[in-house]
Amino acid sequence: MLHAAGVFLALFAFWLLLSGMFTPFLLAAGAGGALAVLAFARRMDVIDREGHPLHLGWRALFSYWPWLIAEIVKSSWDVSRRILHPRLPISPTLVRFKPTQTTPLGLVIHANSITLTPGTISVEVAPGEFLVHALTAEGAAALAGSEMDRRVAALEEAA
């Protein structure tokens, strides 16, 4: 039930963010729409612990997300510099490495975090091994045993 309430609140908050209208009728319509989507999602049995990981909660919100956003900004800056400056090297590289995560949720969080960071894409995720495409050889070399791997492992342990 807690997952369903979380999904409803997330859907309604997203609706409020997009609509920006706060008249009683539109608030009721937004709540009705969120309830309808929630009913469909429950009927399809897609609301579960992995699909809506509330158990990660505050630790992810206040620890992991700000760090990941800062990494995304730094990587965006680096990729932009490499695109605009002709002398900076671009050496596309594929690298395989073993993440320290053991659960499917931990592997997915790590792979998605890699893909969200500009200059890297998780190409293949297998239990115990990632294949990642990186824009530079330095970026590829920094993936194994990285700070991201350590933080996702800590997040996984907290769950």
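Only the coordinates and a few stated rules stand behind these numbers; no lab work does. No experiment lies behind these values; they were computed from the predicted model shown. Here Cβ is always computed from backbone atoms with ideal geometry, including for glycine, and neighbour counts include all displayed protein chains.
Between ALA13 and ARG43, what FRET efficiency comes out of the Förster formula 1/(1 + (r/R0)^6) with R0 = 25 Å and r the beta carbon distance, rounded to 0.05? Rounded to the nearest 0.05, the efficiency is 0.65.
Could you check the spin-label model distance between THR100 and SER146? Points 7 Å from the Cα along Cα→Cβ, value in nm. In this crude spin-label approximation the distance works out to 1.5 nm. For the chain, complete DSSP H runs whose alpha carbons reach 24 Å or more along their own long axis and whose mean Kyte-Doolittle score is -0.5 or higher are 2-19, 24-43, 65-84.
Length gained on full extension, MET1 to ARG82: 24.3 nm, using 0.36 nm per residue less the C-alpha separation. Taking 35 Å as R0, compute the FRET efficiency from the Cβ-Cβ separation of SER91 and TRP65 and round it to 0.05. The value I calculate is 0.70. In the set (i) 18.1; (ii) 18.7; (iii) 16.4, the label that goes with Kirkwood radius over Cα pairs in Å computed for this structure is (i).
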